[in-house]
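The values are calculated or read from the model by the stated rules, or taken from the named source; none is laboratory data. All values reported here derive from a predicted model rather than from experimental measurement. All Cβ positions, even for glycine, are placed from backbone atoms using ideal geometry, and neighbour counts span all protein chains on display.
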Amino acid sequence: MAPQTLTCCNKGLQKANIEIRLRSWSQEELAFQASLSTRTSVGKFFQGKPVEQKSFIKICQALNLDWQEIAGLLDNLETELVIAQPVEVEKSHIDIDALVQEIGVAQMKDE
């Protein structure tokens, strides 16, 4: 069975590029910080190519990024949640004053 892979979404790639620049790291330095034996996965990561999930997560952790966000998985989840929410049905108008009067009348009867 082939290992699972992940790919950066466009927003994720932008965030990763910002983070590597802020740290002034080369791809080799990022590979070292992510405890990867070579920078091949880092190169694929920044090219938007599929990267083995384990390596993808290590790269994101080294950059202090949420790997699910960088892979675009959270965007899909948010979209699904919005779609899955029930549509609110318009509520009928309730006359609060009339309701308070009814409660008052009912209480007077009980006394």
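For segment 1-17, filtered to residues that are of a type in the set (A, V, I, L, M) and over 17 Å from Gln47 (Cβ atoms), the residue that is surrounded by the most Cβ atoms within 10 Å (Cβ to Cβ) is Ala2.
Total residues in segment 3-35 satisfying the condition of being part of a loop (DSSP other than H, G, I, E, B) and not basic (Lys, Arg): the figure is 10. In summary, Ile20 fulfils each of the numbered conditions (1) exposed (fewer than 15 other Cβ atoms within 10 Å of the Cβ); (2) over 19 Å from the mean Cα position of the chain (by Cα) with the single exception of condition (1).
Entry remark, segment 36-51: residues being surrounded by fewer than 20 Cβ atoms within 10 Å (Cβ to Cβ), polar (S, T, N, Q) and either outside any loop (DSSP other than H, G, I, E, B) or under 25 Å from the mean Cα position of the chain (by Cα) (or both) number 2 in total. Does segment 54-77 contain at least one residue that is in a helix (DSSP H, G or I), surrounded by fewer than 14 Cβ atoms within 10 Å (Cβ to Cβ) and either modelled with pLDDT under 75 or of a type in the set (Ser, Thr, Tyr) (or both)? Yes, some residue in segment 54-77 is in a helix (DSSP H, G or I), surrounded by fewer than 14 Cβ atoms within 10 Å (Cβ to Cβ) and either modelled with pLDDT under 75 or of a type in the set (Ser, Thr, Tyr) (or both).
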